[in-house]
Amino acid sequence: MNHKTRMLNWSSAAIITAVFLISSASAQKAPQRIYFARGATEARVTGYLRGIRDEAVFVLRAKAGQHMRVDIRGRGATRGTVMFPNGQQDGAPGGVVFDGILPVAGDYRIRVTESSMANAWSGSFTVIINVVSEGSDSPRSDDNNSGLARYAGKYPSEMFRREPGLKTRLHRLLGANYKLFFDRLQTEMAIVNDGGFLIIHGCMAHECTIEESILALDLGADKIHVAIKSEDFRGGFKTWSEGGAGIPAALRRAMQNE
């Protein structure tokens, strides 16, 4: 092969490589920015996935200290990852993939893909984002339990969405076990009022009686009490109470009737 032929082959290979790289780059979807309507705390966006290698990325600006909840609902199994401005990230299989207090201000990215643990599919999905500030005019608990009796008969997700102050208190009480608690509320039970205690009870999907969370809200004494049952605790319950208060009988009954 002469020098001219080698140069032509090299040029052709370079052109093919450049075209491939340009095509790959253009195939990547640009992030879609999410805007909230004036005064709104919830935004919804839709997207479409075309296979296991496809992805969609959304970005929104939020402030440190705000509470954000990200719920992904798709025609098939999904996975969501929330990437923080400081480089940290959190994620989970589709459903509620993030539910917590934001650590820093800036742009948060939400990446949606199909779950690698399930069958490939093609179809639409919806991302529901709730962002609430502790100082907003949205309904909230104001760090106490007054008025929460109205949630009896409703489901925990509604109460936590409308009462972000409860999550702040739970985070202070549970510390590193905060995520463990909410991971075990995937399957929710209706809230009940047991003698002045609201009982919030749930379990991890497909792991009921094994991985469970129970929250007892004392409506009179303004205390919260938590019990988590998990293999992490050798299959038993571990309990926490605000202010070092004793475990109330209502929580013990809920633990016995799991």
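The values are calculated or read from the model by the stated rules, or taken from the named source; none is laboratory data. Being a predicted model, the structure only gives us computed values, none of them experimental. Positions of Cβ are backbone-derived with ideal geometry, glycine not excepted, and every protein chain shown enters the neighbour counts.
Brief remarks on what is shown
For (1) of a type outside the set (D, E, K, R); (2) under 17 Å from ARG69 (Cβ atoms); (3) in contact with a Cys (Cβ under 8 Å, 6 or more places away or on another chain), each residue gets a yes or a no:
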position	(1), (2), (3)
THR168	yes, yes, no
GLY175	yes, no, no
GLN186	yes, yes, yes
ALA190	yes, no, no
CYS203	yes, no, no
ILE214	yes, no, no
ILE247	yes, no, no
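- Close Cβ contacts (under 6 Å, 6 or more residues apart or on different chains) running from residues in region 33-46 that are in contact (Cβ under 8 Å) with a residue 40 or more places away in the chain and closer than 12 Å to LEU60 by Cβ to residues that are of a type outside the set (S, T, N, Q) and not in a strand (DSSP E or B) comprise ALA43/ILE34; ALA43/PHE36; VAL45/ILE34.
- The residues in region 237-250 that are at pLDDT 95 or above and either in contact with a Lys or Arg (Cβ under 7 Å, 6 or more places away or on another chain) or loosely packed, with under 12 Cβ neighbours inside 10 Å (or both) can be counted, and the count is 2.
- Test: residue in region 50-64 that is charged (D, E, K, R), at pLDDT below 90 and surrounded by fewer than 14 Cβ atoms within 10 Å (Cβ to Cβ): no
- Pairs with Cβ under 7 Å, 6+ apart, first in region 172-199 and over 13 Å from VAL226 (Cβ atoms), second in a helix (DSSP H, G or I) and among the aliphatic types (A, V, I, L, M): ILE191/MET159; ASN193/ALA149; ASP194/ALA250; GLY195/ALA250
- If you go through region 201-225 and pick out every residue that is more than 18 Å from TRP240 (Cβ to Cβ) and hydroxyl-bearing (Ser, Thr, Tyr), you end up with 1.
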